[in-house]
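Data block below; observations after.
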Amino acid sequence: MNRPRFAIVGHPNKGKSSIVATLAEDDAVAISPHPGTTTQARSYPMRLDDEVLYELVDTPGFQRAREALAWLEAHDRGAGARGAVVAEFLKAHASDPRFHDECELLTPIVEGAGILYVVDGSRPYGRQYEAEMEILRWTGRPRMALINMISAGDHIEQWRAALGQYFSIVRVFDAVRADFGQRIELLRAFGAIDERWAAPLNDAANALVADRRRRAHRAAAEIADLLITALTTAVTVPLANLSVERETQAHAEGRAKLRDQVRRREASARRAVQEIYHHSGLAARESAAAYLVEDVFSSQSFNVFGLSQVQLALTGAASGAVVGSAVDVALGGASLLLGAGIGAALGAFGTLAGAGTLAKVRVLGLPLGGHELTVGPITDPNLPWVLLGRALLHAKLVAERNHSRREELVVETQAGGHLADTIEAARRRKLDVMFRRLRGGRELAADEREALVTELVALIDPR
Ligand SMILES: Nc1nc2c(ncn2[C@@H]2O[C@H](COP(=O)(O)OP(=O)(O)OP(=O)(O)O)[C@@H](O)[C@H]2O)c(=O)[nH]1
Ligand SMILES: [Mg+2]
């Protein structure tokens with residue numbers, strides 16, 4: 001089987017597991033600031049659909065490289081037999097606890113894996129690494145050196161010169177900050193260390209690029225469905241009598257129920273998007289992402305993610321919901337001035353009314369007597385923009401996030417910076433037409449839904 005397989009090896013605590021996690025998109029790989037975290041060699045396959053594209057073997061760091069090299073040199077029978085001597089070393093020390101880590105890391109290499117040797121380019125080079133690199137040369141396996149950057153220092157050139165003595169290919173790769181493009185580029189570069197792997201790795205890179213687009217499409221479909229649900233859901237509350245108190249109470253119950261449903265749908269969309277990007281494990285830590293976790297109906301969310309008053313007016317979003325068709329008509333040929341004026345007026349009203357309170361409310365008589373109150377759908381013109389802004393930011397962060405990161409999801413949006421500013425006006429108007437259609441109680445036909453998804457794909461994965 002010609003599946004590309006790489007052992008990630010090096011000194012303890014240099015980011016080997018971090019590179020494995022990033023390249024295998026697996027956040028279950030154990031990573032920690034303490035040396036000696038990885039104690040066993042373990043293979044992490046990168047799967048796409050049901051196919052394994054390549055495999056990365058995470059390994060413990062070298063512990064006794066000098067002693068191991070001394071053993072190899074004592075058993076040297078010439079360059080042609082060095083690979084065999086490494087295999088003999090493994091046999092001779094299989095149950096020797098002193099060389100447990102050397103045996104773990106060398107076994108996959110002797111079994112045919114390519115070598116990715118990881119160093120930390122933010123720390124100076126030192127001669128203690130030479131025994132490790134020499135042992136790897138003894139294996140005779142195809143190999144490449146990766147300069148990872150763990151902290152702020154820069155000793156790249158010094159490392160390059162030293163690594164160049166042992167490895168024909170040396171690349172800088174930041175396990176934590178590398179973006180998707182850099183990952184793909186690195187994958188293609190792996191092909192250069194063994195020509196038999198060039199074609200499968202190139203295919204793997206192409207497959208991942210195509211899959212990236214599919215992921216954006218699936219995430220967009222999820223967000224589209226969230227918007228559709230939020231703009232069309234209505235809830236009913238039974239009314240035992242038509243007293244003012246009961247009506248007021250039912251009103252509040254209905255609003256709470258409606259909000260709850262939108263929140264739940266939003267949370268399930270978040271989970272789905274994280275799963276799409278292989279980040280299911282991130283859910284529990286989302287609590288640090290203040291603006292994302294902040295209630296969708298909070299004024300904070302409306303400030304950060306909604307359209308500004310001017311944008312709302314110019315987009316025409318406020319018109320249908322708040323003052324009726326007169327504004328629609330007026331906005332048809334809106335000048336900036338006119339739009340701004342109307343926007344300011346509507347914005348003031350929206351603030352007074354409070355986010356999420358602008359929902360349709362109806363009282364219906366029931367066939368068997370009694371009444372019920374229907375609350376919904378929500379007509380607040382800014383709600384879909386708030387939901388969209390939050391969802392887009394989340395999707396972007398999740399899509400960009402490397403699987404080597406173990407800290408909480410941090411959101412860097414500044415309060416008051418309208419996320420929707422990044423959506424160009426023409427696209428905003430297109431989206432607004434769809435939102436209004438939904439708010440008006442009209443279901444989207446399949447092709448209209450697909451058009452909505454297409455607009456969202458362009459926002460998640462702009463080309
Ligand atoms: N900022 C930053 N930190 C990194 C990077 N790579 C690794 N680290 C951190 O360095 C520490 C060690 O990373 P690991 O991936 O566990 O290192 P390892 O080589 O597998 O370590 P052992 O298994 O103990 O040999 C962790 O705290 C990582 O978060 C990087 O590119 N940037
Ligand atoms: Mg490790």
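For region 164-179, a residue qualifies if it is within 16 Å of ligand 1 (Cβ to nearest atom), in contact (Cβ under 8 Å) with a residue 40 or more places away in the chain and surrounded by 14 or more Cβ atoms within 10 Å (Cβ to Cβ), and the qualifying residues are Val172, Phe173, Ala175, Val176, Ala178. Residues in region 144-151: is at least one in contact with a Gly (Cβ under 7 Å, 6 or more places away or on another chain), part of a strand (DSSP E or B) and modelled with pLDDT of 95 or more? Yes, region 144-151 has at least one match. Checked against (1) part of a strand (DSSP E or B); (2) more than 16 Å from ligand 2 (Cβ to nearest atom); (3) touching a residue at least 12 places away in the same chain (Cβ under 8 Å), Gly112 passes all but condition (1). When every residue of region 73-86 is checked against the conditions, none turns out to be within 11 Å of ligand 1 (Cβ to nearest atom) and farther than 21 Å from Val176 by Cα. Taking the criterion of being surrounded by 13 or more Cβ atoms within 10 Å (Cβ to Cβ) and away from ligand 1 (no atom under 11 Å from the Cβ), the residues of region 48-65 that qualify are Leu48, Val52, Leu53, Tyr54, Glu55, Leu56, Val57, Arg64, Ala65. Do we find that Leu208 is in a helix (DSSP H, G or I), more than 16 Å from ligand 1 (Cβ to nearest atom) and in contact (Cβ under 8 Å) with a residue 60 or more places away in the chain in this structure? It is true that Leu208 is in a helix (DSSP H, G or I), more than 16 Å from ligand 1 (Cβ to nearest atom) and in contact (Cβ under 8 Å) with a residue 60 or more places away in the chain. If you go through region 26-47 and keep only what is part of a loop (DSSP other than H, G, I, E, B) and surrounded by fewer than 19 Cβ atoms within 10 Å (Cβ to Cβ), you end up with Ala28, Ala30, Ser32, Pro33, His34, Pro35, Gly36, Thr37, Thr39, Gln40. Condition check for Ile342 on (1) modelled with pLDDT of 70 or more; (2) outside any strand (DSSP E or B): one failure, at (1).
Within region 60-75, identify whether any single residue is among the basic types (Lys, Arg) and more than 26 Å from Ile147 (Cβ to Cβ), and answer yes or no. No: zero hits.
The values are calculated or read from the model by the stated rules, or taken from the named source; none is laboratory data. Everything numeric in this text was worked out from a predicted model, so none of it was measured. As a convention, Cβ positions derive from the backbone with ideal geometry for all residues, glycine included, and neighbour counts pool all protein chains shown.
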